[in-house]
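The next block holds one structure in the form of C-alpha cells; read it before the comments.
The values are calculated or read from the model by the stated rules, or taken from the named source; none is laboratory data. For clarity, every value in this text was computed on a predicted model and none was experimentally measured. Every residue, glycine as well, gets a Cβ built from its backbone with ideal geometry; the counts of neighbours run over all protein chains shown.
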Amino acid sequence: MSNTAEEIEIRFRDNLISSQLIETESSGLLAVSGGVDSVVMAYLFAQVRDNFRLTLAIAHFNHSLRGEESDTDEDFVKDLAKALGMPFFSEKWTSSERGNWEERAREARYSFLNKTRQQLGYDWIATAHHADDQAETLLMRLVEGSGYRGLRGILERNGKVVRPLLKFSKAEFTHYAGENEISFREDSSNQDTRFRRNRIRENILPQIKKLNPHFSQTAQRTASNMVEIAEWVEEHLHDLYGRAVSVSDKGFIQIDGKELKKVSSFLQKELVREVVNENDLPWRGHVWNNLNHFLEKATVGDIMVLPGDCKILKDRDRFLVMWETNLEDLNAFQLDIATPVSLKVRGHNFTMDLTKEPTFSSDGATEFIDFDQLDHGSLHLRLWQAGDRMVPLGMSGHKKVSDILVDAKVDRFSKMSQYVLTSGHEIVWLCGLRLNNKFKVTSSTSSVARLNWSHAERPEAH
C-alpha cells in the first residue's frame, strides 16, 4: 500500500497516462455516492484537472434506500461538488418492484449516468470501482459459473465508462482521506447481508484474505489476464466468422460445417454463441454441454433449441440458424398487377413487371411467364402448404411441392418459409425454384411478365 497521499496522487496521474483512459482537454462526469472511494476519486481528479485541462462535473444517484440518510448523502455530495468547483447533477430513484433490487438499482444508476452524459455532452463517465470491488466481482462470477468473459470482472473501460481506480485498494483511499482530513459518508446498507455482494464482502472475502492477504491484487491480475484471453478469442472468432458464416439463398444464417471442424470445440461453441446471442443472454452450463454434443453428433435434420427463441439445424455440411421471429408476419399477399409489383417478404424481394425483352437464365431467381395465362383477379403470394401440387416446367404431370423441395435438397428451415405465387387455384411459381409448365413463355405468347425473387440483405461478419 502507498504510504503517502502524494504517492497515491502520483500513481493516479501516471495510471491515467499509461492506460490512456481519458484524453487531455476532455470532459468527464464523476459518479460520486459520498463513500470514501468516490469522494477520494473526486479529489484525485481535482488534483489533475488543470494538468489534463479537464472539464469535470459530479453526478449523484439517490437510491432512496435509507430514507433521510440517503437524502443527507445527496446533500453531502452536492456540497462536495461546490467545494471542488464542479457542477452537480442528481436523480432520486424510487422503485416498488420486487425481484433483484441490486440489479435493478444498478441499471437505473447507469441509465441516469448515461442519460446525463449524453444530454450535457460530457465525453466520459468515471466510477470509483477499486481492487476490492474487483475481487468481490470475480468471486460472484465464480459462484455463478461464469465463463472467460465474466471472469474479466470489472472492465477498466466499457464504452464511455472508465474505472481509473482498479489498481488501488480501499485501504489506500481510507489512508488518503485520513491524511488529507477528507470527510465522507458511511453507507449503512453496505453491511446489509441480505444483498449478495455484501455477504461476499463481509463473510467470504475476509476468510480468503487470511489465506492470501494480497487477494485483491491477485484478482485484479487474473481479471487482466482474462481480458487478454478474451481479446485473443475475439480475434480468432472474427477470422472464423468471416470464413464460416454467411447467408443462405433462403435468407437464413448458415455456418459452414467443414470450417467448424478445423477449429477446437471451444471455438465452435463460441462461434454459435456469437451468431445467436444478439441480446447477450446468459447461457447456463447445460446449454454449452448440449451444444457441444449437438455440433459433434447431430445428423441431418436434427434441431437444437437455444436461448433467445433460436433454433439451430444440422443440414448436410452446414448448420442453419433461425429465430422464431423469422417466421412472424409470413402472411399471404394479394397482388394488384395493374401496376408493377414490388414486395419485401421476410428478407427477400419479390418483383413482377411486364417486359418486351425476356432474358432467360438458369439461376432460378428470375422467371418469365405468359401474363395472359394469369387469373388477374386472384393472384397471391403465400407460403406453400401440405398438399400443394403443380406441373413443373418440362413435365406433363402434377408433382407434390413437398417432393420438389426434397428433390432440390431444401433444408427444413427454408421449407418453413418457402413462398409460392398462385393464380386462382394453381401454383404459378415455386419462388426461386420451379415454374409451372402451364405459365411458360411460348411462341404464341403476346404479353410477358418478369418475376424475380432475390435475397434482400446480407449481414456483415462481426
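Okay, here's what the table says:
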| quantity | calculated |
| --- | --- |
| Scope the stretch 119-142; condition free of Cβ contacts under 8 Å to residues at least 12 places away in the same chain and over 19 Å from Gly28 (Cβ atoms); matching residues | Leu142 |
| Number of the condition not met by Lys78 [criteria: (1) in contact (Cβ under 8 Å) with a residue 60 or more places away in the chain; (2) over 20 Å from Asp132 (Cβ atoms)] | (1) |
| Yes/no for Leu237 being outside the structural domain of Met41 (by TED's automatic domain parsing) and not basic (Lys, Arg) | yes |
| Matching residues, the stretch 55-67, being of a type in the set (S, T, N, Q) and either under 20 Å from Arg106 (Cα atoms) or modelled with pLDDT under 95 (or both) | Asn62, Ser64 |
| Filtered residues of the stretch 191-210 (kept if loosely packed, with under 13 Cβ neighbours inside 10 Å and either in a helix (DSSP H, G or I) or modelled with pLDDT of 90 or more (or both)) | Gln191, Asn203, Pro206, Gln207, Lys210 |
| Candidate set from the stretch 132-162 (those that are small (Gly, Ala, Ser) and over 28 Å from Phe88 (Cβ atoms)); member that is surrounded by the fewest Cβ atoms within 10 Å (Cβ to Cβ) | Gly145 |
| Residues satisfying the stated conditions in the stretch 416-442, i.e. part of a strand (DSSP E or B) and under 37 Å from the mean Cα position of the chain (by Cα) | Tyr419, Val420, Leu421, Leu430 |
| Residue within the stretch 68-85 that is assigned by TED's automatic domain parsing to the domain that holds Ala128, among the aromatic types (Phe, Trp, Tyr) and over 16 Å from Arg109 (Cβ atoms) present | yes |
| Residues satisfying the stated conditions in the stretch 388-410, i.e. under 43 Å from the mean Cα position of the chain (by Cα), within 21 Å of Ser362 (Cα to Cα) and assigned to a loop (DSSP other than H, G, I, E, B) | Ala408, Lys409, Val410 |
| Matching option when the condition is closer than 25 Å to Arg316 by Cα, touching a Pro at 6+ places or on another chain (Cβ under 7 Å) and either of a type outside the set (Gly, Ala, Ser) or surrounded by fewer than 18 Cβ atoms within 10 Å (Cβ to Cβ) (or both), among Arg412, Arg434 | Arg434 |
| Lone unmet requirement of (1) in a helix (DSSP H, G or I); (2) closer than 19 Å to Ala177 by Cβ for Glu74 | (2) |
